């Protein structure tokens, strides 16, 4: 009985200390990853899409990665992207990358993934919080990273349907 109480007290103390350690570590200068700039290599990531198929980013034929961090941008601009780019999304020349890491697992499973599975092209998903920090985009916009042999040669924000149509 004494050992159980001691372990329980130890576990409770440890659980209370973990958030404090995390907050202190962040306050002591834990830094975000630097933004990807023109001339940088795009990060090499292996990520799953909405159908649990793994994709290597960037792929050998990847010319552009369209990044979304916003539900609003995704809902308003991805249909236009699909219309304009079409088969290039399916073939991998253009990759649609979506950060769903801030979404709760329950919301993701019940709502987001079923909706994404209705799309005819792969939506590569970032599920790990902080992973997309180097990818920069304006609020409620898509960002397109243009690539040549895995290096970023251009970047622009697509904030309207007109921008999406003009970009491709």
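Values quoted throughout were computed directly from the atomic coordinates according to the rules given, and no laboratory measurement underlies them. Bear in mind that the values here come from a model prediction, so they are computed numbers and not experimental data. Here the Cβ is made from the backbone with ideal geometry for all residues, glycine too, and neighbour counts use every protein chain on show.
By how many nm would the segment from residue 90 to residue 52 lengthen if fully extended, with 0.36 nm per residue of separation less the alpha-carbon distance?
Extending this stretch completely gives an extra 12.1 nm.
Once the Cα gyration tensor of segment 33-167 is found, what semi-axes does its equivalent ellipsoid get, as square roots of 5 times the eigenvalues, in whole Å, sorted largest first?
20, 17, 15
Express in nm, to one decimal, how much length is gained between residue 35 and residue 128 on full extension, taking 0.36 nm for each residue of separation and deducting their alpha carbon distance.
Residue separation times 0.36 nm, minus the Cα-Cα distance, leaves 31.8 nm.
Sort 48-55, 101-108 for me by packing, meaning the mean count of neighbouring Cβ atoms within 10 Å per residue, highest on top.
48-55, 101-108
Could you sort 110-118, 153-161 so that the peptide with the highest average Cβ count within 10 Å comes first and the rest follow in order?
The densest-packed peptide leads the list: 153-161, 110-118.
Using the basic label-point model (7 angstrom from Cα toward the beta carbon), what is the residue 72 to residue 45 distance in nanometres?
2.2
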